Amino acid sequence: MSTRRRKRMSAAERRAQLIEVGREVFAERGYEPVSVEEIASAAGVSKPVVYEHFGGKEGLYAVVVDREMERVVATISEAIVEGSPRERAEAAIVAFLEYVRNEPAGFAVLCHDAPTAVSGGRLASLLSTVASRVEKVFAASFQDAGFDPKYAAIYAQALIGMVTYVGRWWVDHPELPADKVAEHLAALSWMGLRHLPRRPDRLRVPKKKKKKKKR
């Protein structure tokens, strides 16, 4: 009776496998509750193998998050290469929502709380990175319209933040098509930018005069 021996993975193949396993485990449970033992068990290896490749759970988590952030940034950067400012803004929204739909595990990893030591993996860090790409589109549009481009960052951060949190809500409402959600978000954001005053002053409500107490 003969038995087949499993093919031994190369170091690169094992590393790639651990990254995929870690992505799934962190997506399902977050960072804190997961142990190295759990990751090793899911990958079918011993704990020392995980330490050998990543130095521990924190190292694996950092790699998973870094790769996920690169994927999102690349997806959105590619979507806003050409078109009018409005078309590129809408393309960025569609690209992000499609990422949310097509990569639920990756999006879940980014939405979970990150450990303090890996603060760069927090969702806020991703938003800032993506917003800096969108900011360039906004800055050019502001310049052409005669607005001060130094304020473009404010609107880029607002747009990406809005889209991200709608994306988190949309995860529980998949019956709504991505393009329709994007159309509404694009209309909301672009209509506001279209009617943006050159000097948006804060609305000051007149203070009510205090009534004098009768002596």
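The values are calculated or read from the model by the stated rules, or taken from the named source; none is laboratory data. None of the values given here were measured: they were computed from a predicted structure. In this analysis, Cβ positions are derived from the backbone assuming ideal geometry, glycine residues included, and neighbour counts consider all displayed protein chains. Surface areas here come from the heavy atoms of the whole protein model, side chains and all, with no ligands, DNA or RNA. Shrake-Rupley method; radii C 1.70, N 1.55, O 1.52, S 1.80 Å.
Things worth noting here:
- Qualifying residue in region 13-23 (condition: of a type in the set (Val, Ile, Thr) and modelled with pLDDT under 90): no
- Those residues of region 54-63 which are within 16 Å of GLU38 (Cβ to Cβ) and crowded, with 17+ Cβ neighbours inside 10 Å, in sequence order: PHE54, LYS57, LEU60, TYR61
- Note on region 34-48: among residues that are hydrophobic (A, V, I, L, M, F, W, C) and in a helix (DSSP H, G or I), the one that is most open to solvent (accessible area, probe 1.4 Å) is ALA42.
- Residues of region 16-33 classified as out of contact with any Asp or Glu (no Cβ under 9 Å at 6 or more places or on another chain) and open to solvent by 50 Å² or more (accessible area, probe 1.4 Å), total: 5
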